[in-house]
Amino acid sequence: MKSAFDLSLKEMKSYGYKIVDLIAEHYNTIETKKPVSTASREKMDAVFLQEAPENPMPANEVLDFVMQNVIPNSNIASHPKSYSFVPGPSNYISTLADTLATGFNIFSGGWVGSAAAAELEIVTMNWLLKMFDFPVKKGGGLFTSGGSMANLTALVTARRIKCGDDFSKAIIYMSDQAHSSNIKAIRVLGFKKEQIRILPTDLEFKISLNKLKNAIAKDRLEDLQPFCFIASAGTTNTGTVDPLCDIADICEEENLWFHVDGAYGGAAILSSKGKKMLKGIERADSLTVDPHKWFYQPYEIGCLLVKNSEWLSDTFSEKPEYLRDIEGNESEINFYDYGIQLTRRFRALKFYMSIKTYGLNTFKEAVSYNITLAERTEKMLRKSKKWEIISPATLAVINFRYNPIGYHLNEAELDILNQEISKRIVASSEALLVTTVLNGQVVLRMCLINPKTTIEDIKDTLGLCNDFGKKILEERKLVN
């Protein structure tokens with residue numbers, strides 16, 4: 001029976017080829033485009049705000065409208081000059097793999113829905129467990145929408161395993177550089193503000209071990225229940241890695257769940273330098289990594305790894321009547337028993353196909369290149385009379401500010417100057433370069449995890465920053 005949603009084979013192929021051509025052309029010409037697009041709500045309302053149409057219109061007209069109005073009004077997260085937040089340097093194979101998974105509408109919640117989808121998630125999860133030296137036979141994990149959901153899943157599991165049903169006295173610890181998704185997860189879980197300990201970092205933005213030990217001791221004396229510490233393996237601000245081995249010792253001694261948020265920096269395990277910095281990550285009880293960041297996957301794909309897969313099933317498994325016929329045997333994993341989602345898209349396919357196609361060595365070389373590129377950028381900035389390094393290159397993140405020698409600017413003037421440089425860079429659409437705040441200072445931050453970014457791209461961007469900086473100084477009459 002033909003439905004109103006059906007197209008002829010010829011129509012489907014024609015439409016599909018057009019979309020594939022657009023995607024391929026985008027990948028082929030991405031360097032020639034502007035990475036930034038800015039538009040007001042008023043402008044977007046003027047273009048898009050309308051009632052849902054009652055009658056059909058030609059599919060190609062809708063596609064043309066999208067290509068003329070939606071795509072140009074979106075930032076290009078995979079652009080070589082997209083330096084801010086955490087860029088999304090995707091790859092073409094994974095993009096088409098996502099298209100396959102969506103096109104065949106594969107359900108990846110349980111074994112009966114797709115044995116192959118479940119098996120590929122098991123296989124790719126084992127690849128990741130091995131990368132991080134987690135136990136492959138006993139360990140496990142699952143793919144999630146991103147690092148935020150992976151962190152939430154980890155903390156639900158930690159609370160269940162360590163606290164049971166009563167978490168009224170439970171205390172959780174993290175540094176002031178921990179990612180905001182952890183705070184969000186803790187709030188979602190119903191913890192009170194008084195149950196969260198946000199501890200200061202040292203001059204290198206690492207957790208103060210002494211402050212952590214003191215906080216745990218004080219809480220125990222007050223008859224509270226320390227149960228979890230969240231370490232950072234590559235903070236978003238600076239790429240800093242907490243002292244994982246020392247923290248693991250403390251967690252073992254104090255019987256705390258040791259969660260490592262490696263959503264940003266975990267992929268650095270693929271490089272020799274990164275592996276040294278991440279020493280101790282294998283001692284975590286749970287680990288978040290985010291393949292749509294430094295594993296070069298398109299959005300969305302996050303991942304949670306745990307030392308014991310039974311922790312996940314003990315936390316999340318439910319047996320409603322309508323699922324009683326599809327339980328299978330113990331080896332046939334139903335990933336809806338491992339996390340919050342019942343209906344799950346087939347995220348493992350893009351990770352699997354890209355690793356198989358490019359080979360793991362290609363990913364290792366790309367990560368190593370990114371780390372080296374940031375270090376080259378730091379050396380270049382240190383040789384200049386106009387730039388000051390605030391946080392050195394760490395796991396491909398570097399923080400710096402425009403502070404030309406001879407101008408004798410105070411801190412307030414430097415903050416205004418660097419904020420304005422960022423504003424003008426973004427307004428030019430030539431690069432996405434925004435600020436963060438470190439030790440009360442407004443600084444420019446580059447996150448260089450795109451393998452297409454070159455040192456010439458960085459030189460061009462810094463040259464533009466220099467031009468804007470000089471002009472701003474002249475405008476404000478801050479001359480030397």
_I'd like the residue in region 281-322 that is within 14 Å of Pro135 (Cα to Cα) and part of a loop (DSSP other than H, G, I, E, B) and, out of all such residues, is farthest from the chain's Cα centre (by Cα)._
Asn308
*For region 421-455, which residues satisfy the criterion of being of a type in the set (Gly, Ala, Ser) and either at pLDDT below 95 or surrounded by 15 or more Cβ atoms within 10 Å (Cβ to Cβ) (or both)?*
Ser422, Ser429, Ala431
*Complete set of residues in region 119-133 that are free of Cβ contacts under 8 Å to residues at least 40 places away in the same chain and surrounded by 13 or more Cβ atoms within 10 Å (Cβ to Cβ)*: Glu119, Asn126
*Of (1) of a type in the set (Val, Ile, Thr); (2) in contact (Cβ under 8 Å) with a residue 12 or more places away in the chain; (3) not in a helix (DSSP H, G or I), Val136 satisfies all except one. Which?*
(2)
*Answer yes or no as to whether Ser148 is under 30 Å from Glu121 (Cβ atoms), small (Gly, Ala, Ser), in the same structural domain as Gly110 (by TED's automatic domain parsing) and surrounded by fewer than 23 Cβ atoms within 10 Å (Cβ to Cβ).*
yes
_It is to be established whether one or more residues within region 65-82 are of a type outside the set (Lys, Arg), farther than 30 Å from Lys459 by Cα and in a loop (DSSP other than H, G, I, E, B)._
yes
*Output the number of the condition that Asn334 fails; it satisfies all remaining conditions of (1) buried (at least 22 other Cβ atoms within 10 Å of the Cβ); (2) touching a helix residue (DSSP H, G or I) at 6+ places or on another chain (Cβ under 8 Å).*
(1)
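Which one of these is acidic (Asp, Glu) and closer than 28 Å to Ser391 by Cα: Glu204, Glu252? Can you show your working first?
Values: Glu252 fails: closer than 28 Å to Ser391 by Cα.
So the residue among Glu204, Glu252 that is acidic (Asp, Glu) and closer than 28 Å to Ser391 by Cα is Glu204.
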*Just give me the residues in region 365-385 being crowded, with 16+ Cβ neighbours inside 10 Å and either outside any helix (DSSP H, G or I) or in contact with a helix residue (DSSP H, G or I) (Cβ under 6 Å, 6 or more places away or on another chain) (or both), in sequence order.*
Val367, Ile371, Thr377
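Residue-wise test of (1) of a type in the set (A, V, I, L, M); (2) over 30 Å from Thr38 (Cα atoms).
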position	(1), (2)
Thr362	no, yes
Asn370	no, no
Arg376	no, yes
Arg382	no, yes
Ala393	yes, no
Val397	yes, no
Pro404	no, no
Leu414	yes, no
Ser422	no, no
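Residue under question is Ala412, and the condition is that it be under 30 Å from Asp202 (Cα atoms), small (Gly, Ala, Ser) and either modelled with pLDDT of 95 or more or in a helix (DSSP H, G or I) (or both); does it hold?
Details: under 30 Å from Asp202 (Cα atoms): yes; small (Gly, Ala, Ser): yes; either modelled with pLDDT of 95 or more or in a helix (DSSP H, G or I) (or both): yes.
Considered against the rule, which asks whether it is under 30 Å from Asp202 (Cα atoms), small (Gly, Ala, Ser) and either modelled with pLDDT of 95 or more or in a helix (DSSP H, G or I) (or both), Ala412 comes out as yes.
Matching residues to (1) touching a Cys at 6+ places or on another chain (Cβ under 6 Å); (2) of a type in the set (S, T, N, Q); (3) farther than 24 Å from Leu128 by Cβ:
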site	(1), (2), (3)
Ile355	no, no, no
Gly359	no, no, no
Thr362	no, yes, no
Leu373	no, no, yes
Lys383	no, no, yes
Val397	yes, no, no
Tyr407	no, no, yes
*What's the number of the condition Thr377 fails, among (1) within 21 Å of Met277 (Cβ to Cβ); (2) under 22 Å from the mean Cα position of the chain (by Cα); (3) among the polar types (S, T, N, Q)?*
(2)
*Would you point out which residue out of Val241, Val188 is loosely packed, with under 15 Cβ neighbours inside 10 Å, in the same structural domain as Trp257 (by TED's automatic domain parsing) and hydrophobic (A, V, I, L, M, F, W, C)?*
Val188
*The one condition in (1) in a loop (DSSP other than H, G, I, E, B); (2) touching a strand residue (DSSP E or B) at 6+ places or on another chain (Cβ under 8 Å) that Glu204 fails to fulfil*: (2)
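Going by the structure shown, is Leu142 in contact with a helix residue (DSSP H, G or I) (Cβ under 8 Å, 6 or more places away or on another chain) and crowded, with 24+ Cβ neighbours inside 10 Å? Even if it seems obvious, please write down each step before you answer.
Details: in contact with a helix residue (DSSP H, G or I) (Cβ under 8 Å, 6 or more places away or on another chain): yes; crowded, with 24+ Cβ neighbours inside 10 Å: yes.
Yes: the conditions hold for Leu142.
I need a count of the residues in region 433-480 that are closer than 22 Å to Thr240 by Cα and either under 22 Å from the mean Cα position of the chain (by Cα) or assigned to a helix (DSSP H, G or I) (or both).
As a first pass, look at region 433-480 and keep what is closer than 22 Å to Thr240 by Cα: 433-451, 453, 458.
Then drop every residue that is not either under 22 Å from the mean Cα position of the chain (by Cα) or assigned to a helix (DSSP H, G or I) (or both), which leaves 433-438, 443-451, 453, 458.
The number of residues fulfilling the criteria is 17.
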_Please determine whether any residue of region 410-420 is small (Gly, Ala, Ser), surrounded by fewer than 18 Cβ atoms within 10 Å (Cβ to Cβ) and touching a residue at least 24 places away in the same chain (Cβ under 8 Å)._
no
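Name the single residue that is surrounded by the fewest Cβ atoms within 10 Å (Cβ to Cβ) among those in region 27-54 being without any contact (Cβ under 8 Å) to a residue 12 or more places away in the chain and part of a helix (DSSP H, G or I).
Initially, region 27-54 is screened for residues without any contact (Cβ under 8 Å) to a residue 12 or more places away in the chain, giving 28-29, 32, 40-43, 45-46, 49-54.
So of that shortlist, the ones also part of a helix (DSSP H, G or I) come out as 28-29, 32, 41-43, 45-46.
Working: Asn28: 10, Thr29: 9, Thr32: 6, Arg41: 8, Glu42: 8, Lys43: 11, Asp45: 10, Ala46: 10.
Per the criteria, the residue is Thr32.
Test Asp249 against the criterion of being over 25 Å from Leu438 (Cα atoms) and part of a loop (DSSP other than H, G, I, E, B), and give yes or no.
On the way: over 25 Å from Leu438 (Cα atoms): yes; part of a loop (DSSP other than H, G, I, E, B): no.
For Asp249, the condition - over 25 Å from Leu438 (Cα atoms) and part of a loop (DSSP other than H, G, I, E, B) - is not met.
The values are calculated or read from the model by the stated rules, or taken from the named source; none is laboratory data. The model shown is predicted, which means the values in this text are computed figures rather than measured ones. Every residue, glycine among them, receives a Cβ derived from its backbone with ideal geometry; neighbour counts consider all protein chains shown.
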